[in-house]
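Quick notes on the structure that follows.
The values are calculated or read from the model by the stated rules, or taken from the named source; none is laboratory data. Just so it is clear, the model here is predicted, and its values are computed rather than measured. For neighbour counting, all protein chains shown are included, and Cβ atoms are generated from backbone atoms with ideal geometry for every residue, glycine included. With ligands, DNA and RNA removed, areas are computed over all heavy atoms of the protein, side chains included. Shrake-Rupley method; radii C 1.70, N 1.55, O 1.52, S 1.80 Å.
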Amino acid sequence: MIHEGFVTPTDIELAFKHWQNIEEWGTPTDQTNYEYAPPRSERKDESWNYAMKSEREQYYQQLQHIITQNLQNVQVYNLSIPKSVPEALQWKHPYFYIPIVVGSINDNNWLCLAPTVPNQASYHNKKHKSVAKITCEENSSASQNTIAQIQPLLDNLTPISIYGYYYGGYNYTYQHHIAGAIAESKEKAIELALQNAEMVVVEQLTLEYANDNYNSRKFSQFMNECLNHRTAYSLSFWDIGYTYEVGQTPAGDWIGVWTQSEFEYNP
């Protein structure tokens with residue numbers, strides 16, 4: 001994701017503010033220049049009010065305090081498509097991004113927190129569901145203590161219904177919450193957290209294309225017969241998606257292809 005330009009560093013205060021903004025907007029972006037769903041003020045939505053907003057702000061403040069006081073090497077990143085990409089897209093898209101927070105625990109494991117990501121550009125949204133509990137690969141006392149402090153706050157931050165593309169009969173909603181994972185490396189913690197948040201799907205699969213455009217059947221035959229450890233990584237940026245299909249040659253090199261998909265909003 002770093003290599004493809006999807007990652008930029010940011011500050012933890014901005015990350016927590018953006019997480020809360022999504023809840024207050026009721027949409028993945030603020031719709032300043034591009035309206036695609038009813039704003040909160042126009043909805044008959046009993047799942048959100050100012051009392052709930054105030055209560056959730058307190059939980060977010062407590063969560064940020066625990067992270068800054070108890071984790072080391074805290075790093076925060078925005079994940080989005082490069083700003084140069086929309087010029088090459090066929091359709092207009094709002095600028096979508098999410099921040100993630102990652103830090104090390106004193107047992108040398110890493111924790112990552114990430115918000116759920118809507119998916120309107122891939123069939124994966126029908127097959128994979130977000131995970132509300134922090135998943136933990138390393139069952140040390142320090143990791144369990146971190147979970148004991150953070151998980152109750154995440155439980156109190158109950159899922160909020162957020163609108164994606166809603167006008168024109170799309171009626172798309174998703175459940176927004178904060179997902180997390182603990183692993184022995186920063187990269188693995190991020191990978192697992194993003195899987196729990198539905199932004200990333202990792203599959204070991206046999207490739208098979210439905211048609212033969214661009215010799216795709218020959219390509220899938222080559223991938224299946226000549227490469228080992230075939231893996232597909234699918235990344236969702238709400239209405240834009242990327243899939244990377246890779247495999248390992250007998251000589252140990254990795255090769256593959258990537259594809260980009262975009263949702264056509266046509267109300």
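Only residues that are in a loop (DSSP other than H, G, I, E, B) and either within 20 Å of residue 77 (Cα to Cα) or out of contact with any helix residue (DSSP H, G or I) (no Cβ under 9 Å at 6 or more places or on another chain) (or both): list them for the range 19-34, please.
28, 29, 30, 32, 33, 34
So, residue 37, is that one touching a helix residue (DSSP H, G or I) at 6+ places or on another chain (Cβ under 7 Å) and either aliphatic (A, V, I, L, M) or not assigned by the TED database to the domain that holds residue 235 (or both) or not?
Judged against the criteria, residue 37 is a match.
Starting from the range 55-68, keep only residues that are farther than 13 Å from residue 148 by Cα and of a type in the set (D, E, K, R), then list their pairs with residues that are part of a helix (DSSP H, G or I) and open to solvent by 40 Å² or more (accessible area, probe 1.4 Å) whose Cβ atoms are within a distance under 9 Å, requiring at least 6 positions of separation or different chains.
The qualifying pairs are 55/156; 56/20; 56/156; 57/20.
Examine the range 81-96 for a residue that is in the same structural domain as residue 11 (by the TED database), over 28 Å from residue 146 (Cα atoms) and of a type in the set (Gly, Ala, Ser), and state whether such a residue exists.
yes
Residue-wise test of (1) out of contact with any helix residue (DSSP H, G or I) (no Cβ under 6 Å at 6 or more places or on another chain); (2) free of Cβ contacts under 8 Å to residues at least 60 places away in the same chain.
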{"site": "131", "(1), (2)": "no, no"}
{"site": "136", "(1), (2)": "no, yes"}
{"site": "141", "(1), (2)": "yes, yes"}
{"site": "160", "(1), (2)": "no, no"}
{"site": "166", "(1), (2)": "yes, no"}
{"site": "173", "(1), (2)": "yes, yes"}
{"site": "178", "(1), (2)": "no, no"}
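How do the pairs read when you match residues in the range 226-250 that are outside the structural domain of residue 119 (by the TED database) with residues anywhere that are of a type in the set (Asp, Glu) and surrounded by 16 or more Cβ atoms within 10 Å (Cβ to Cβ), using Cβ under 9 Å and keeping only pairs 6 or more apart or on different chains?
230/245; 231/245; 232/245; 233/245; 236/198; 239/262; 240/262; 241/262
Looking only at the range 53-95, how many residues end up being crowded, with 19+ Cβ neighbours inside 10 Å and at pLDDT below 95?
Looking only at that region, the number is 3.
Do the conditions hold for residue 203, that is, is it open to solvent by less than 80 Å² (accessible area, probe 1.4 Å), modelled with pLDDT under 90 and within 30 Å of residue 150 (Cα to Cα)?
yes
When the range 118-130 is examined, which residues are found to be open to solvent by less than 80 Å² (accessible area, probe 1.4 Å) and modelled with pLDDT under 85?
Once the filter is applied, which keeps residues that are open to solvent by less than 80 Å² (accessible area, probe 1.4 Å) and modelled with pLDDT under 85, the range 118-130 yields 122, 124, 125, 128, 130.
Does any residue in the range 1-18 that is touching a residue at least 40 places away in the same chain (Cβ under 8 Å) and surrounded by 13 or more Cβ atoms within 10 Å (Cβ to Cβ) come within less than 7 Å, Cβ to Cβ, of a residue that is part of a loop (DSSP other than H, G, I, E, B) and of a type in the set (A, V, I, L, M, F, W, C) six or more places away or on a different chain, and which pairs are these?
Short answer, once both residue conditions are applied: 6/81; 7/1.
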